[in-house]
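Asker: To start, I am sharing the structure in question, which I have written as structure tokens.
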Amino acid sequence: MRIKSLLIAIMLFCVTAVFAAPFQNVEKILTQPDGTKLYCFASGDEFYSRLHDAEGFTIVQAENGYFVYATSDSRGAVTATTYVAGKVDPKALGLKPNVKISQEEYQKRRKMMEVPEVKDAKNLNHGVYNNLVIFIKFKGDGEFKTTQTEIDSMFNYDGYYDISMNNYFKKATYNQLSMKSYCYPIADGDRVLAYEDIYPRNYYQPYNPTTNPDGYTNQADREFPLLKRAVEFVADQVPADLDIDRNDDGFIDNVIFVVKGNVGDWSDLLWPHMWSMYGEEAYINGKRVGTFNFQLETSSYFSVSTLCHEMSHSLGFPDLYHYNSSTDHLSPTGPWDLMCSNSQPPQHSGTYMKYEYGTWIEEIPEIGYGTYTLEANSWEGGRRNCYRMPSSHPEQYYLVEYRNKSNMFEKGLPTGGLLIYRIDTRFRGCADHNGNDILDEVYIFRPGGSHNKDGNINSAAFSKDYDRVTFNYETDPYPFLNKNTLDLEFNITDVSLMGDQITFTYRPI
């Protein structure tokens, strides 16, 4: 039976709950063609997500419009069964839980939506960054529910305690980057204005012969012309002297398209994502639209946290989570980094990420044996906030940093304390991880964690406050290099109580 893979874009919003980048077990209520309500869950990320029941059995939509349990065919593709979800016991029928696309198919999707690597980050990621925000609604849609004041508060507010994208990057970069967003069409007072497209919403939802015969079969074929029409509608409103191409590569540095309404019940296009526009050329003041972010106005995913995660991609940051949880740890950095599992308000990325991709830290000093003091990663002075220590492998090293939960953008952290990382410079990010020849660039040691066990990432922090003050081969966690090579020499002891600073000793075991 021919089907369209079911993609869900629903996020829950909570002050300190971890969500987004990937999300797990988000409650969802669907309506079957006969009017029956189906209570299920959604899990996934911006490249692939799936519906499933409480026991993990995957659900897809069949040609007749019904949501049914899924299986995999001989090629490993997700296919529909004839068993209507919620009406039968999938386990009794011999179906397998957690059916999803293969690692190869997932990486193919990531590759398709890959954006160009950021060039000249040293300059682009410093100074004033002008971001364009363009509002879109579909044919027949009403006005935006969100006010311009609410939009400005998310993007531009810069008071010391404001939770905004601008203020986040101001603090995360130690005052090296100012993020200013300009909204188009220009608002009518506090009323958000939007480009109204020539097609209705269902035109931008996936094809189904029963429930949506006018839907699409190729996302780009409909998305890119839509975005081009929106760009051309607002192009004349953008001032000619506004610098929207700071690295002079001919492309606009970043555009965020905000579409009226919420995410679809199942959709590729109507799901928050980042992409690079190809096949269609759209220009503003002679600069072409390339990298863009796509958001839905009333989706709970449309938050400051998500904006900061996606904008970090635009600044060159890779994802730090795995797709395939059956290989090694699912969360290399978990809730400790915006690029793995972002919290609300958004937490800082680790100091290594700020150094390697943000270029906001000039160097990570390598230390010898001794006692050292660290300022918090979030401390705005931006000095003495990380150290590195060598390993027996020249391309891998240890890194320590201090996380202070009392900071306004760190309140979503599980705790505070000293984090101990393993950095492997052979790799970029963690999303391509396969457990064999492609491994993690960044990994945080945590109790119970090993090469093939996830462990408790929420308890990764060391501190005398928790009576966790030593890290060596006799402790849990213990130091190991990629591919589970035990390190018998590395030793950190005497981690202090938390305060404005934290102290530790690096010495022979």
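The values are calculated or read from the model by the stated rules, or taken from the named source; none is laboratory data. On a predicted model such as this, the values are computed, not experimentally measured, just so you know. FYI the Cβ positions are ideal-geometry reconstructions off the backbone, even for glycines, and counts take in every protein chain you see. Protein only, heavy atoms only, side chains kept; ligands, DNA and RNA dropped before computing areas. Shrake-Rupley method; radii C 1.70, N 1.55, O 1.52, S 1.80 Å.
Asker: Would you mind stating whether ALA187 is over 15 Å from ASP268 (Cα atoms), open to solvent by less than 60 Å² (accessible area, probe 1.4 Å), small (Gly, Ala, Ser) and in contact (Cβ under 8 Å) with a residue 40 or more places away in the chain?
Answerer: Spelling it out, it is not the case that ALA187 is over 15 Å from ASP268 (Cα atoms), open to solvent by less than 60 Å² (accessible area, probe 1.4 Å), small (Gly, Ala, Ser) and in contact (Cβ under 8 Å) with a residue 40 or more places away in the chain.
Asker: Could you please let me know if ARG201 is within 28 Å of the chain's Cα centre (by Cα) and among the basic types (Lys, Arg)?
Answerer: Values: within 28 Å of the chain's Cα centre (by Cα): yes; among the basic types (Lys, Arg): yes.
So ARG201 passes the test.
Asker: When GLY417 is evaluated against the numbered criteria (1) in contact (Cβ under 8 Å) with a residue 24 or more places away in the chain; (2) at positive phi; (3) open to solvent by 10 Å² or more (accessible area, probe 1.4 Å), which criterion, by number, is the only one it fails?
Answerer: For GLY417, the failing item is (3).
Asker: Could you check, for segment 63-82, whether at least one of its residues is open to solvent by 60 Å² or more (accessible area, probe 1.4 Å) and in contact with a Gly (Cβ under 8 Å, 6 or more places away or on another chain)?
Answerer: No, segment 63-82 contains no residue that is open to solvent by 60 Å² or more (accessible area, probe 1.4 Å) and in contact with a Gly (Cβ under 8 Å, 6 or more places away or on another chain).
Asker: Also, quick follow-up: Out of ALA92, ALA54, ALA121, which single residue is hydrophobic (A, V, I, L, M, F, W, C), open to solvent by 80 Å² or more (accessible area, probe 1.4 Å) and within 28 Å of the chain's Cα centre (by Cα)?
Answerer: Just a single option satisfies the conditions, and that option is ALA54.
Asker: If you don't mind, there's one more thing I want to ask. Across segment 55-80, what is the total count of residues that are touching a strand residue (DSSP E or B) at 6+ places or on another chain (Cβ under 7 Å) and farther than 27 Å from ARG110 by Cα?
Answerer: 2
Asker: Under the condition of being assigned to a loop (DSSP other than H, G, I, E, B) and not acidic (Asp, Glu), which residue from segment 40-52 is farthest from PRO97 (Cα to Cα)? Before the answer, list the steps.
Answerer: Quick first cut of segment 40-52, residues assigned to a loop (DSSP other than H, G, I, E, B) only: 45-48.
If we keep only those that are not acidic (Asp, Glu) too, we end up with 47-48.
Values: PHE47: 20, TYR48: 17 Å.
Among those residues, the one meeting the criterion is PHE47.
Asker: For GLY448, work out the one condition from (1) of a type outside the set (Lys, Arg); (2) in contact (Cβ under 8 Å) with a residue 40 or more places away in the chain; (3) assigned to a loop (DSSP other than H, G, I, E, B); (4) closer than 24 Å to MET339 by Cα it doesn't fulfil.
Answerer: In the conditions (1) of a type outside the set (Lys, Arg); (2) in contact (Cβ under 8 Å) with a residue 40 or more places away in the chain; (3) assigned to a loop (DSSP other than H, G, I, E, B); (4) closer than 24 Å to MET339 by Cα, GLY448 misses (2) alone.
Asker: Would you pick out the residues in segment 195-252 that are surrounded by 17 or more Cβ atoms within 10 Å (Cβ to Cβ), among the hydroxyl-bearing types (Ser, Thr, Tyr) and assigned to a loop (DSSP other than H, G, I, E, B)?
Answerer: THR211
For (1) under 13 Å from GLY350 (Cα atoms); (2) surrounded by fewer than 19 Cβ atoms within 10 Å (Cβ to Cβ), each residue gets a yes or a no:
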{"position": "THR371", "(1), (2)": "no, yes"}
{"position": "LEU374", "(1), (2)": "no, no"}
{"position": "ASN385", "(1), (2)": "yes, no"}
{"position": "PRO394", "(1), (2)": "no, yes"}
{"position": "MET408", "(1), (2)": "no, yes"}
{"position": "ILE438", "(1), (2)": "no, yes"}
{"position": "GLY449", "(1), (2)": "no, no"}
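Asker: Output the qualifying pairs, or none if there are none: Cβ atoms under 8 angstrom, residues six or more apart or on different chains, first residue in segment 331-359 and at positive phi and assigned to a helix (DSSP H, G or I), second residue hydroxyl-bearing (Ser, Thr, Tyr) and buried (at least 24 other Cβ atoms within 10 Å of the Cβ).
Answerer: The qualifying pairs are GLY334/SER341.
Yes/no per residue for (1) touching a Pro at 6+ places or on another chain (Cβ under 9 Å); (2) open to solvent by 10 Å² or more (accessible area, probe 1.4 Å):
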{"residue": "TYR283", "(1), (2)": "no, yes"}
{"residue": "GLY286", "(1), (2)": "no, yes"}
{"residue": "PHE292", "(1), (2)": "no, no"}
{"residue": "SER299", "(1), (2)": "yes, no"}
{"residue": "GLU310", "(1), (2)": "yes, no"}
{"residue": "HIS313", "(1), (2)": "no, yes"}
{"residue": "LEU320", "(1), (2)": "yes, no"}
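Asker: Identify all residues within segment 281-305 that are closer than 19 Å to LYS145 by Cα and β-branched (Val, Ile, Thr); write none if there are none.
Answerer: THR298, VAL304 - these are the residues of segment 281-305 that are closer than 19 Å to LYS145 by Cα and β-branched (Val, Ile, Thr).
Asker: Could you go through segment 385-395 and let me know if any residue there is in a helix (DSSP H, G or I) and either hydrophobic (A, V, I, L, M, F, W, C) or out of contact with any Gly (no Cβ under 8 Å at 6 or more places or on another chain) (or both).
Answerer: From segment 385-395, those in a helix (DSSP H, G or I) are none; that's our starting set.
No, the conditions are met nowhere in segment 385-395.
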